[in-house]
1. Restricting the search to segment A:48-84, which residues are of a type in the set (A, V, I, L, M, F, W, C) and outside any loop (DSSP other than H, G, I, E, B)?
2. Considering B:117, B:184, B:97, which residue is part of a helix (DSSP H, G or I), over 30 Å from residue B:23 (Cα atoms) and out of contact with any Phe, Trp or Tyr (no Cβ under 7 Å at 6 or more places or on another chain)?
3. What pairs come up if the first residue lies in segment B:222-250 and is in a strand (DSSP E or B), the second is at pLDDT 95 or above, and their beta carbons are under 6 Å apart, counting only those six or more places apart or on different chains?
4. How many residues, within segment A:59-78, are closer than 21 Å to residue A:120 by Cβ and open to solvent by 20 Å² or more (accessible area, probe 1.4 Å)?
5. Inside segment B:259-287, can you point out the residues that are over 15 Å from residue B:182 (Cα atoms) and either at pLDDT 95 or above or not charged (D, E, K, R) (or both)?
6. Would you point out which residue out of B:74, B:80, B:32 is open to solvent by 30 Å² or more (accessible area, probe 1.4 Å) and of a type in the set (A, V, I, L, M)?
7. Would you point out which residue out of A:119, A:81, A:109 is polar (S, T, N, Q), open to solvent by 30 Å² or more (accessible area, probe 1.4 Å) and away from chain B (no Cβ under 14 Å)?
8. Restrict the check to segment B:155-169 and report whether at least one residue is within 17 Å of residue B:284 (Cα to Cα) and either out of contact with any His (no Cβ under 6 Å at 6 or more places or on another chain) or open to solvent by 20 Å² or more (accessible area, probe 1.4 Å) (or both).
Amino acid sequence: MSAAAGAPREWPDRVALRFALNGRAVDAWAAPHDTLLAVLRDTLGATEVKYGCGEGVCGTCTVLLDGAPINACLTLGVHAQGRTITTVRGLAAAAGAPGTAAGDMHPLQRAFVAHEAAQCGFCTPGMLLTAYALLADHPHPTRAEIRTALGGNLCRCTGYTRIVDAVEACVRARQGGDRA
Amino acid sequence: MYLPPFRYVAPRTLDEAIALLREHGDDAKVLAGGQSLLPLMMLGLARPGVLVDVNGIPGLDRIEADGDAVRVGALVRHRAVETDPRLRAACPVLADAAPLIGNIRVRHRGTVGGSLAHADPAAEVPLVATALGATVEVRGAGGARDIPVHEFFRGYLETALGPAEVVTALRLPARGPRMGYGLAELVRRSGDFATVSACAVLGLDGGGRCTHAAVAIGGVGPSALRMRGAERLLIGQLPGDRTLDDAADAVRAEVAPESDVHASADYRRAMARVMARRALGAAVARAGGESRAAGPGAVRS
């Protein structure tokens, strides 16, 4: 049995966090009840991570935790301790394309621009990160698989068609590259 | 985006977690994936004073399969259930149910143990566990015990877990030869909880007659329910279209759903019949080895 059983427990009201944000080590103080979304937006100024529903449904706060898409709104900041967080700003660098740095555009982002896949743009970071995670697992998804994969990300402007078009175009361009 | 403050502790052992739960009683909640608990807290529907975070306890995230059974640790994420090849081979119905859960973000965090302990009547893990007659392994101050799934779920969001007990694993029978399963669910939007869901598991003998039949329906009561009347109609029969229709009709008669904002009781009853029929059809096709006819892992509409 641990020390918890006998001695009174200390309940720290703040925790020193250190994790990698888009390839750079960051430090932040967080209360245990601070969500990762609050830590990213309020403490670290990473306002590219959007706050939508706060219930894990809309997908606009999607970030990658060690490469896996998660709800930043339903993850505690303390769960980022020692881990790797990628936001849309780190997408190009995360893909590891030569010569890319934070702020550069990933091919998915260029496809979104080319296909005018953003209207108000609020869902776009989450859409891009979800699409990125899909392509990391399944490099050549069908259109139906793309639609299924993006099914958990809501967009209230575009009707989704151009978003799916953009991801599909990116897949096709990649297949062209594979054959070349 | 903001949770009400709580005291937070991340024990490194199960014993420590159990001691904390004992100490804080009803004021404490176990935090696993957080994909159900944290939304409840965001909405003000739950306000625990202490969260006991079990994510750092080693050994709870294993998947173990021997010939007869699969043991899925409580901290196994839904995404691992979806992608682990051993689990898919041993218990394909659970692997096929996993992608129906929430969305990809929820599946990367949400856990099997959390889904069981949360006990939503429309959730997929409890549905499959009920159809398979699974066993929930729990541990508390008095030691470990096994709870058959039909005793585990007590009502809407209620389980047989004691206040200082933690789910440690879900144990499922491995798929046997000539066993087939089917899953079907009705959802309004991708990722929603099902309005009505069905899971059927059938075993056939050499002559093609049903030796085992389990039909579970979710979304029609306080927890997923076995359809004993429909199952009796299947046992000993050749599961042709007429027999499956009769069993599905029996499901319609057996369920007693309530109306709510999502669906009327009549609609739920009608859809319970439809989902049960689809699940049964897929189960027969798979039990007969006709994987082609079984089509995709789960039928969703």
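The values are calculated or read from the model by the stated rules, or taken from the named source; none is laboratory data. Quantities reported herein were computed from a predicted structural model and do not represent experimental measurements. Note that we place each Cβ from the backbone using ideal geometry, even for glycine, and neighbour counts take in every protein chain shown. For accessibility, only protein heavy atoms count, side chains too; no ligands or nucleic acids. Shrake-Rupley method; radii C 1.70, N 1.55, O 1.52, S 1.80 Å.
1. A:63, A:64, A:65, A:68, A:70, A:72, A:73, A:74, A:76, A:78, A:80
2. B:97
3. B:225/B:217; B:226/B:216
4. Selection size over segment A:59-78: 0.
5. Once the filter is applied, which keeps residues that are over 15 Å from residue B:182 (Cα atoms) and either at pLDDT 95 or above or not charged (D, E, K, R) (or both), segment B:259-287 yields B:259, B:261, B:262, B:263, B:264, B:265, B:266, B:267, B:268, B:269, B:270, B:271.
6. B:80
7. The match here is A:119.
8. Taking segment B:155-169 first, the residues within 17 Å of residue B:284 (Cα to Cα) are none.
No, segment B:155-169 contains no residue that is within 17 Å of residue B:284 (Cα to Cα) and either out of contact with any His (no Cβ under 6 Å at 6 or more places or on another chain) or open to solvent by 20 Å² or more (accessible area, probe 1.4 Å) (or both).
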